[in-house]
Amino acid sequence: MQREVRKTVSVVFSDVAGSTALAEQLDPESLRRAMTRYFEVARRVHQRHGGVVEKFIGDAVMAVFGIPHVHEDDALRAVRAAWELREQVADLNHELERELGVALHVRTGVNTGLVLAGDAHEGQAFVGGDTVNVAARLEHVAGAGDVLLGEATHKLVADAVVVQPVAPFVPRGKTAPVAAFRLLEVTPGVEGLARRLDAPLVGRDRELATLEDLLDRGGGGRACQLVTVLGDAGVGKTRLLHAFAERAGRRALVLFGRCPADGSAAAEVVGQLAAQAAAATGRPPAWGSGWLDPVATDPHALFRGARRLVETLARSGRVVVVLDDLHLAEQPLLDLVEYLRDFTGEAGVLLVAAARRELLARWPWWTARAAGAVLDLEPLGEAEAAELAVHLAGPGRLPAGAARQVAAWAEGNPLFVEQLLRQLLERPDPPWGLDLGPVPPAVEALVAVELDHLTAEERTVLELASVAGRVFDWASVAALAPPRLRPRLGGVLLALARRGLVRAWRGQEDAFSFRHRLLRDAAYQAIPKRERALLHVRAAERLAEAVSAPAEDDETVGRHLGQAYRYLAQLAGEEPPPPVPAARPPGRVPVEAPA
Amino acid sequence: MGASIDVRDLALAAAAGDPRGWDGLVERFGGLVWSTTRAYGLSPDDGADAAQTTWLRLAEQLGRLQDQYGQLGVWLAATARRESLRLLGAARAAEPLTQKEPSPPPSSGRDALLWRVVRELPEHCRRLLRVLLTTPPPSHEEVSAALDLPVDGIAAARAACFQEFRHRMATISIRTEVEDS
């Protein structure tokens with residue numbers, strides 16, 4: 001089975017400006033030493049931000065963010081790395097000037113886009129293409145010491161950077177101009193696209209009441225209660241936690257912890273909680289004796305310290321500890337949560353953990369016992385999502401029907417509503433009532449991350465299912481699957497359901513439905529066209545061979561064959577995209593009455 | 001989402017000078033116009049010229065076409081066909097078309113086989129499928145106008161061409177199955 005996938009990555013391309021002149025100034029050995037130190041700095045910086053230095057080309061360094069695994073903030077990681085590289089080179093230059101009397105001037109381009117990448121499990125070969133070319137061209141037109149961002153990258157990091165638009169340019173071999181932005185500043189500790197936590201909470205009364213009830217009912221036989229809020233990316237977990245924290249804050253002390261992206265640091269989370277506790281109580285975080293060492297090597301000391309902190313606080317009133325993004329956690333942090341739940345001796349403590357469903361796929365034991373009460377956060381209904389759209393857009397900004405249109409597109413996911421609106425309202429004349437345009441890049445990135453976490457087998461099955469359709473049955477996928485995979489197909493489908501990517505579909509026997517249309521689309525788009533064509537042919541063959549095929553299958557067979565033909569024709573170069581018409585009507589045209 | 005909007009509304013908006021109406025028409029029928037010109041075997045450059053001319057004609061005549069606003073796809077397909085034939089020249093148009101496209105990149109193995117399946121399909125099938133498989137899918141009336149075929153015969157022609165395509169793909173599919181296992 002193919003394991004190449006199309007995926008969105010961010011590419012950082014850096015080159016040393018004026019290196020020829022440098023070569024004249026320095027003897028070859030000194031030059032080599034200077035460049036080696038620069039390459040070391042570049043490699044270290046990129047690695048720290050999660051990038052992979054793909055290659056050194058002459059004096060140029062190309063780093064890729066998104067292989068072997070994509071992160072939803074790859075673009076921001078790339079931009080932060082590019083910015084830090086610029087600063088580190090400035091430091092390096094102090095040394096080089098002192099030692100060799102020279103300085104390096106680095107130009108950098110950052111671009112985000114689709115690439116074809118090989119199997120993540122086999123060291124992932126990587127095909128550059130347009131995304132890399134544009135990054136290289138951005139680098140080429142950047143001034144010495146400058147970082148230029150491509151448009152797609154800028155869109156994904158807009159709230160974390162200050163930029164200055166530069167004149168669009170036409171890269172070699174292209175016809176359309178490319179927009180570029182000179183990076184002036186990167187704000188630390190900020191998300192690429194700020195979440196709108198200011199919008200009113202819509203459609204979550206029941207969930208909020210459940211949480212408040214748990215807080216007020218207290219113990220229930222236990223000193224410390226745990227509730228796990230589970231939901232898809234963007235469904236509103238963080239928003240719900242904030243709303244609950246606000247209400248609970250009137251009668252309890254609320255501490256807000258968030259699992260860091262690398263998941264490793266239980267100590268970091270405890271540090272966050274302790275700092276807030278200190279701020280809230282006005283007492284320094286010195287319960288016990290120096291347990292709050294963030295680099296504590298003794299896990300027991302950390303656990304005990306965290307428990308004593310909570311117990312101390314609980315003696316003067318109820319305590320709520322919120323832990324967001326728990327799906328990012330590694331085992332020590334999950335152990336800590338379980339430990340707090342079981343070992344806290346003081347009554348009146350409520351732990352509220354929020355996580356994407358993948359938490360359960362990674363740590364199946366979490367449901368069995370540890371999770372406590374589980375609150376499933378479902379997508380909003382269409383009316384609620386439309387109401388949210390109206391709030392987010394602001395008064396009078398959405399014409400009639402537009403809110404519903406956005407809500408239907410988002411299928412009830414508040415983050416998708418937010419991102420789509422943001423993209424639409426940035427346009428001078430949003431196409432309400434028409435095609436709403438491309439999937440917002442931030443939404444695309446979220447969906448990509450979900451697919452990227454799958455095992456190779458799960459991913460294969462999901463892709464096969466995407467060929468069968470948004471709704472697919474077990475047998476259709478089996479017919480598409482290579483024989484070696486068929487015996488395990490049921491298990492893999494159920495694993496995908498456990499992850500929440502697909503769910504049982506009641507309208508048809510043994511059928512599943514993709515949770516969201518965008519997941520199906522993303523899985524489908526990730527299949528190289530040649531493979532898509534072959535899979536469609538197989539799907540058509542199977543339907544056509546069924547003995548008692550219902551009449552509507554003819555239509556489906558035709559659709560599969562049509563898709564197959566289309567992809568092959570595209571590959572054979574027979575289907576270039578249509579040209580954009582140069583003509584337009586000259587404003588209002590006089591309409592003549594029909595003859 | 002685009003396919004659910006009434007063409008008449010788009011045409012009225014375009015005639016009223018609303019650029020979204022025009023853009024909506026281009027989005028809806030850009031593929032049909034383009035695939036029609038391509039179906040007549042024009043080179044990519046000539047095809048682009050024919051497509052551009054077709055849109056120019058629409059921009060010029062939009063005000064006079066009011067009674068056809070509901071059927072603008074048919075009008076565009078017929079115009080694209082006419083512009084394509086005009087470019088080809090009356091003499092050439094009467095002859096069976098020969099492909100005048102650049103050679104494909106050299107490929108081997110399964111890719112080469114797949115490529116051949118497409119290239120060796122009978123010309124009338126490639127022409128039909130090219131127009132039929134446009135996004136969004138054209139109506140039979142539009143296909144009929146684009147290819148000058150009777151509306152009633154399109155379903156049967158489509159079935160025959162898919163049958164032909166399936167037959168040619170079968171051998172390759174079997175190979176794939178073997179490769180995968």
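Readers should treat all values here as calculations from the given coordinates under stated rules, not as data from a laboratory. Worth saying up front: this structure is predicted, and the values here are computed from it rather than measured. Every residue, glycine as well, gets a Cβ built from its backbone with ideal geometry; the counts of neighbours run over all protein chains shown.
Quick check on segment A:382-445: take the gyration tensor over C-alpha atoms, sort the square-rooted eigenvalues as a ≥ b ≥ c, and tell me if it's rounded (a/c under 1.5), prolate or oblate. Mind dumping the intermediate values first?
On the way: a/c = 1.45, a/b = 1.07, b/c = 1.35.
Verdict is rounded for segment A:382-445.
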Rounded, prolate or oblate (a/c below 1.5 giving rounded, otherwise prolate when a/b exceeds b/c) for segment A:446-571 by Cα gyration tensor: oblate
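Within 10 Å of each Cβ in B:33-43, how many Cβ atoms from other chains are there, averaged over the peptide?
Working: counts 3, 6, 3, 0, 2, 5, 0, 0, 0, 0, 0.
Partner Cβ neighbours, averaged per residue: 2.
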Packing-based order for A:534-540, A:490-496, A:302-308, using average beta carbon neighbours within 10 Å, highest first: A:534-540, A:302-308, A:490-496
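Could you give the dipole magnitude of segment A:446-571 about its Cα centre, charging the beta-carbon of Lys and Arg +1 and that of Asp and Glu -1, in debye to the nearest 20? Display every interim value, and only then the final one.
On the way: 19 positive and 16 negative charges, 82 e Å.
My answer is approximately 400 debye.
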Protection-proxy order for peptides B:31-38, A:508-515, A:27-34, each taking the mean of Cβ atoms within 10 Å per residue, highest first: B:31-38, A:508-515, A:27-34
Segment A:318-379 versus segment A:149-201: alpha-carbon centroid distance in Å: 36
Test item: A:556-565 mean partner chain Cβ contacts at 10 Å: 5
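Which order do A:R357, A:R86, A:R182 fall in if you start with the one that has the fewest other Cβ atoms within 10 Å? It would help to have the intermediate numbers written out before the result.
Values: A:R357 22, A:R86 19, A:R182 15.
Going from sparsest to densest Cβ surroundings: A:R182, A:R86, A:R357.
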Shielding by partners, peptide B:72-83 (average Cβ within 10 angstrom, other chains): 0
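Dipole of segment A:144-194, Cα-centred, from +1 at each Lys and Arg C-beta and -1 at each Asp and Glu C-beta, to the nearest 20 debye?
Numbers: 4 positive and 5 negative charges, 66 e Å.
The dipole magnitude comes to about 320 debye.
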J(HN,Hα) series, segment A:344-360, from Karplus relation 6.51 cos²θ - 1.76 cosθ + 1.60, nearest Hz, glycine and proline x: 5, x, 9, 6, x, 10, 10, 9, 10, 9, 10, 7, 6, 5, 4, 3, 6
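At R0 = 56 Å, how high is the FRET efficiency between A:V580 and A:T281 if r is their beta carbon distance? Nearest 0.05 is fine.
Working: r = 63 Å, r/R0 = 1.13.
Plugging the Cβ-Cβ distance into 1/(1 + (r/R0)^6) gives 0.30.
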Likely footprinting exposure, A:V374, A:V163, A:V322, fewest C-beta neighbours within 10 Å first: A:V374, A:V163, A:V322
Size of electric dipole in chain A: Cβ of Lys, Arg +1 and of Asp, Glu -1, about Cα centre, debye, nearest 20: 700
Cα lying deepest toward the dipole's positive end in segment A:5-186, options A:G143, A:A63, A:T153, charges on Cβ: A:T153
Positive-pole candidate from A:W432, A:Q405, A:A354, dipole of segment A:319-444, charges at beta carbon: A:W432
Karplus-derived 3J(HN,Hα), 6.51/-1.76/1.60, for each residue of segment B:54-69, Hz, glycine and proline x: 4, 5, 4, 4, 5, 4, 5, 9, 3, x, 8, 9, 3, 6, 10, 4
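Going by how many other beta carbons lie within 10 Å of each one, how would you line up A:R222, B:R166, fewest first? Each step should come with its number before you reach the end.
Details: A:R222 14, B:R166 19.
Ordered from fewest to most neighbouring Cβ atoms within 10 Å, A:R222, B:R166 come out as A:R222, B:R166.
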Sequence-distant lysines (8 or more away, or on other chains) whose Cα lies within less than 25 Å of A:K155: A:K7, A:K174, A:K237
Across the protein assembly as shown: Cys residues that no other cysteine approaches within a C-beta distance under 4.7 Å: A:C224, A:C259
Cα gyration tensor shape of chain A, rounded if a/c is under 1.5, else prolate or oblate by comparing a/b with b/c: oblate
Förster-model FRET efficiency, 51 Å R0, A:A199 and B:E60, C-beta, rounded to 0.05: 0.60
Signed unit charges on C-beta, dipole axis of segment A:446-571, positive-most listed residue A:L501, A:A544, A:A475: A:L501
